[in-house]
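The values are calculated or read from the model by the stated rules, or taken from the named source; none is laboratory data. These figures come from a predicted structure and were not determined experimentally. For neighbour counting, all protein chains shown are included, and Cβ atoms are generated from backbone atoms with ideal geometry for every residue, glycine included. Heads up: the accessible areas ignore ligands, DNA and RNA and are worked out on the full protein's heavy atoms, side chains in. Shrake-Rupley method; radii C 1.70, N 1.55, O 1.52, S 1.80 Å.
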Amino acid sequence: MNKPTSEYRFSFGPWNISEGADPFGPEVRPAFPHEEKYALFRPLGFEGVQFHDDDVVPGIDDLSPDQISTKANEVKTMLQNQGLTPEFVAPRLWFADQTVDGGYTSNSATDRAYAWDRTEKTIDIANAIGSKAIVLWLSREGSYMREAKNAKLAYERILATINSILEYDKNIEIWIEPKPNEPTDQAYVPTIGHTLALAYASSDHTRVKGLIESAHALLAGLDPSDEMAFALAHDKLGSVHLNDQNGLKYDQDKNFGGANLRVGFNQVRVLEEANYGSRGEFIGLDVKAVRTQRGCPVTAHLTNSREIFLHLVEKSRTYDNSLVEQFRDARDYEALELYTLKHLLGIK
Ligand code: 3MF
Ligand code: MG
């Protein structure tokens, strides 16, 4: 029996409420205080918070371990007061001077040490606020010039880091969020296949999983629902970042279903079929507010993506699976496609 739609738990990260700056222009909306964002989650229909280490502890690089722990404890209390769950904490390894060449794969030993230090802090913060997972979006672990790094060594360094994390904390889970490019030209862990190969090569694969972002799969030229199915077949889908992407261009973080409703439907269908969410997994969103949107704070992109997800859950539950089986048995995929498109259009 499927769970009622209301049982899905949704999450997003505070960076999804932004002032609208892009590489071509400054902020277009007034700043909305970071600390006030958390009061918005529940009223908008979200109970999970995705964090970067410095979302929990701003200015993390300049603070002592005691100061970091005090701030993390404050955030834990705030989450409890607001009825929120921390979904994960991710080390932000792409902002600092020490990460211009990547973190774990940087050619500088001191910069690699900085990346490890930030990772330890991230794990400590995850524990302090009660998050069972850290996310590694491997941002600058890649190259802009192919010859700049030794790729084999880079993969060995990433694997060694995964093992060090598993050793440092005997309970924490690592969810790797693969992405093929941006900010790098070529990223070292571009797909869920690479992610799971690293997981199985690690010292405890049961604690290494993937987080699949729809747009990242599309940027790799892959279908997000097949990527999700691959992770689900290995019971290694830690979380998802649902959004959309209109072809091979910059990472758009469009609203879920906004570029291709059918691709959205298939992600929901695959998640539903695997009963994703029944063990508390979140439906995470990673969507960007468009620059033209006025107001402060802007949140329509979040509620709209959530609403479309729930409509697609209904579409998935009313999809006539016995008819689909008949079409499959007869290999009448033309009829299957027409039925699917009419179902999405609401035509009998
Ligand atoms: C980049 C991303 C990131 C990650 C986030 C958590 C800024 O394309 O999707 O969002 O999701 O850093 O790991
Ligand atoms: Mg993401």
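Helix 261-273 versus the longest principal axis of the chain: what angle, 0 to 90°, nearest 10, using Cα atoms? It works out to around 80 degrees. Between GLU74 and TYR168, what FRET efficiency comes out of the Förster formula 1/(1 + (r/R0)^6) with R0 = 22 Å and r the beta carbon distance, rounded to 0.05? The formula returns an efficiency of 0.40 here.
Round to the nearest 10 and give me the degree value, 0 to 90, for the angle of helix 300-317's Cα axis relative to the longest principal axis of the chain. Roughly 40 degrees, rounded to the nearest 10. Between LYS342 and GLN186, what length in nm is gained on full extension when 0.36 nm per residue of separation is reduced by their alpha carbon distance? Stretched out fully, the LYS342 to GLN186 stretch lengthens by 52.2 nm. Looking at the square roots a ≥ b ≥ c of the eigenvalues of the Cα gyration tensor of segment 131-258, which shape do they give, rounded for a/c under 1.5, prolate if a/b is larger than b/c, or oblate? Taking the square roots of the gyration eigenvalues as a ≥ b ≥ c, segment 131-258 is oblate. In order along segment 209-225, the phi-based Karplus estimate (6.51 cos²θ - 1.76 cosθ + 1.60, θ = phi - 60°) of 3J(HN,Hα) comes to 9, x, 10, 9, 9, 3, 5, 5, 5, 5, 5, 8, x, 10, 7, x, 5 Hz; Gly and Pro are listed as x. Using the 1.4 Å probe convention, the accessible area of the chain works out to 46 Å² per residue with neighbouring protein chains retained.
Please name whichever of SER322, GLY258, PRO65 sits farthest to the positive end of the charge dipole of the chain, dipole taken about the Cα centre and charges placed at Cβ: Lys and Arg +1, Asp and Glu -1. After comparing all options, I get SER322.
Compared with the alpha-carbon gap, the fully stretched path from ARG294 to GLU147 is longer by 48.5 nm at 0.36 nm per residue. So what's the angle, to the nearest 10 degrees on a 0 to 90 scale, between helix 109-129 and the longest Cα principal axis of the chain? It is inclined by approximately 60 degrees. Estimated from helical segments only, the mean residue ellipticity of the chain at 222 nm is -13000 deg cm²/dmol, where each DSSP H run of four or more residues counts as -39500 (n - 2.57). Restriction of the trypsin sites (Lys or Arg not before Pro) in segment 184-290 to DSSP coil positions whose beta-carbon has at most 13 other beta-carbons within 10 angstrom yields LYS249, ARG279. The slack between GLU27 and GLU273, meaning 0.36 nm per residue of separation minus the straight C-alpha distance, is 84.4 nm. Sorted from longest to shortest, the spans of the Cα atoms of segment 196-348 along the three principal axes equal 49, 46, 31 Å.
Between LEU63 and GLU156, the modelled labels are 3.7 nm apart [label points 7 Å from Cα along Cα→Cβ].
Placing a pseudo-label 7 Å from each Cα along the Cα-to-Cβ vector at HIS205 and ASP329 gives an inter-label distance of 3.6 nm.
Build a GNM of the chain with springs between Cα atoms under 10 Å apart, and of GLN50, GLN267, GLN82 the one that fluctuates most is GLN82. Each principal axis of the Cα cloud of segment 42-174 was evaluated for its coordinate range; sorted largest first, these ranges are 50, 31, 29 Å.
3J(HN,Hα) along segment 168-183: 5, 9, 7, 10, 5, 9, 10, 10, 8, 9, x, 7, x, 6, 6, x Hz, from the Karplus curve 6.51 cos²θ - 1.76 cosθ + 1.60 with θ = phi - 60°, whole Hz, x for Gly and Pro.
Taking the three principal axes of the alpha carbon atoms in segment 283-336, the coordinate ranges are 54, 19, 15 Å, sorted in descending order. Please work out, to two decimal places, the log10 of the ratio I(q)/I(0) at q = 0.11, 0.14, 0.23 Å⁻¹ from a Debye calculation in which every Cα of segment 1-116 carries one identical scatterer. Scattering profile of segment 1-116, log10 relative to I(0): -0.49, -0.76, -1.30. Here the chain yields Rg over Rh of 0.97, to two decimals, using C-alpha coordinates and the Kirkwood radius.
For segment 119-211, chymotrypsin sites (Phe, Trp or Tyr not before Pro) meeting the loop criterion (DSSP other than H, G, I, E, B) and having at most 16 other Cβ atoms within 10 Å: TYR144. For LYS179, a cut-off of 28 angstrom between C-alpha atoms picks up these lysines, skipping any fewer than 8 places away in its own chain: LYS37, LYS121, LYS132, LYS149, LYS152, LYS170, LYS209, LYS236, LYS249, LYS254, LYS288. Only protein atoms count toward the accessible area here, which uses a 1.4 Å probe; on segment 196-282, the carbon and sulfur part of that area reaches 49 percent. One Cα centroid belongs to segment 59-125, the other to segment 258-282; the line between them spans 30 Å. Note on the chain: dipole from Cβ charges, positive end direction compared against VAL100, GLY346, ALA220; the farthest Cα belongs to GLY346.
For THR303, the accessible area of its heavy atoms, probed at 1.4 Å with every protein chain present, is near 50 square angstrom. With θ taken as phi - 60° and the Karplus curve 6.51 cos²θ - 1.76 cosθ + 1.60 applied, the whole-hertz 3J(HN,Hα) list for segment 231-245 is 5, 5, 5, 9, 6, 9, 9, x, 6, 10, 10, 6, 6, 8, 7 Hz, x standing for glycine and proline. Taking amide H as placed 1.01 Å from N in the peptide plane, the amide H of GLN50 sits under 5 Å from that of PHE12, GLY13, GLU87, each at least 5 places away or on another chain.
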